Every structure is written in structure tokens, then in C-alpha cells.
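Working notes, structure below.
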Amino acid sequence: MKKKTLAFSEWKEFVHQAFRFFPALWWRIGAVNVLTMLLIIVSSALLFAIAYIGFREQLQNFFVNVQFGGAISNGILLILFALVWGLFVLVFSINGKVANWLVIKNHLQKKKRNPFSLYFVDAWSFFWRYIGIGLRMIWHILWPIAFVLFATYLATSFWESRIIFSTGIVFGIFVGIWRFIEVFLAPPLLIAKDTDPKKIWEESLTLVRGRWWRVFLSFITFFFLLNIVRIVFFLPDFVLNFGWEFSQDNIADYLSNSPQMYEPTWLIFLDGFFSFLILPPLFIGFVYLLTLHLSGSKK
């Protein structure tokens, strides 16, 4: 199969399509994200209530022992509840991610599914495969980074040099970015083709191979294009809250004192709204269109 090109004109088309799809996607993806957050909040509240009501004495003993340096054997129950809570958060979050991809897939295929059906019915059919792809991605990215950091540690054990240490850290970051770009198309490709994860994994590597820099530039350019808008929210808030502090003549004196309590302005709440409801539909739409283009798929 002949590889698809990735020219600037095609990148502009993906951007145009992502913005064109936005009116139809933002409320659906927003509803899925709100549903995910509600499930996480409600389940967390229930678990914490059960832990407090059923194991109140054990929890109090645990915190007292920690405070005064005693045994923390009573903390096993707390650790178990923390693990259960983490499992709930993980499951709900993964299902929300899958449902977000399904929103753009259904829109392109002109299928109408409400957010509840997407989240509670359709997303579950991808759940275990999505986890499998995610674990392979984590392993693919982390083991080279661990190798680089370990090699850096060994090198600095024999030769104490800041240059070696800094070079190792920078190289580890670069390796992580390189490996991430190699596989970040695997999740949308799984949703688009709905097939065996092994085939999806191999195909996702093939999509990027030989055109890594083009894919990277397409991804990072669109990412920065979207986040430039956030400067409208962050810059005024930074100036209002912190700018006058750093205008003092003696910055060292300021840093040595306890800074005043940070009071977020309404701009930060607008930024949260922008990040929660505006960025995800645009970003998901762009990455999904890029994946379809590179894989040669049609709408």
C-alpha cells in the first residue's frame, strides 16, 4: 500500500475540518466529559463515605500512628480503599476517552448516538482492547527512557559531571517524545477500524514510520495553535496576581518570605471552561482526521 502524503495543504484541511465539525461535536464531547466527572465524583464520595462510616476507628488509629511515629499496620485498609478508588477513576476515565473518540467516529459516519448510549453501551466494547493498547504504549515509551536514565546514572557514578547528567536528561526527554509520536495514533486507529489490537499496533507504527517529523510537526503545530488562545486567559491573570510582586527591586527578599495566598480570577474559570469544552473537540477531531488520512481510510 502506497503511503499517504502529509503536506501543509493537507494539514490546513485537517484544521479546517476540525473547526467545521466543532459545532456538532462540542456539546456531545462535553456531555461525555461531564458524565465522566460526575461518575468519578459520585463514586469517590460513596467510597469515602463507606470508608469513614465502616472503618472510622481504624482510619483514626492509622493517622495517629503516622503522626506520632507508630506502627502503620492499620493502614492496610486505607491502602485497599485507595486502590479501589483508583480503579474506579481509571475505569470511568478510560470509558470517557473511548466515548470521546466514538463521538467523532459517529459524526463522520452520520450515526446519531446520545452520550449515555456512547458511554454505557458502545464504549464498553472497546474497553479491554483500549487498555491493552494503552499498556503497550506505556511500555513502548518508558523502557527506552528508563534505559537512558540508568545509563546516565552509571556514567555520573564514574564521572561526576553536570554536562553528562544534563545531556542524559535531555536525551531521555527526546527519546520519550520520539517514542510517543510513534504510537500516539494507536487509540484513534483502534476506534476507527475496530479490529484486533495486535494489527492496530503494527499499523500505527507503520503510519508514522518514515514520516515521523511530518507527523510531529502536524501534531505540535496544531497543539500550540490551540493553546495560544489560552494566553488570553493566563497572561492577564498572571499580571494581576503575580506581576506586581516581581517588580520589586529585591526578588531574593520576596522569595525568602511566604507569598500571599493565590486568588484566582474569573479568567482562570474561563480557562477551565475553554480547556474542558473547547479544546477536546478540536484536538480529538484533528487527530482522528489525521489518523484516517494516514491509514487511507474513507469517511
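Placing unit charges on C-beta atoms (Lys and Arg positive, Asp and Glu negative, everything else neutral), compute the dipole magnitude of the stretch 76-219 about its Cα centre in debye, rounded to 20.
On the way: 16 positive and 7 negative charges, 127 e Å.
So the magnitude is around 620 debye.
Along the stretch 136-142 the Karplus relation, 6.51 cos²θ - 1.76 cosθ + 1.60 evaluated at θ = phi - 60°, assigns HN-Hα couplings of 5, 5, 4, 5, 4, 7, 7 Hz to successive residues, with x for each Gly and Pro. Give the shape of the stretch 86-155 as rounded, prolate or oblate, defined through the alpha-carbon gyration tensor: a ≥ b ≥ c are the square roots of its eigenvalues, a/c under 1.5 means rounded, and otherwise the shape is prolate if a/b is larger than b/c and oblate if not. Prolate, because a/c is 1.5 or more and a/b exceeds b/c.
None of the figures in this text is laboratory data; all of them are computed from the coordinates on show. Since the model is a prediction, treat every value here as computed from it, not as a measurement. FYI the Cβ positions are ideal-geometry reconstructions off the backbone, even for glycines, and counts take in every protein chain you see.
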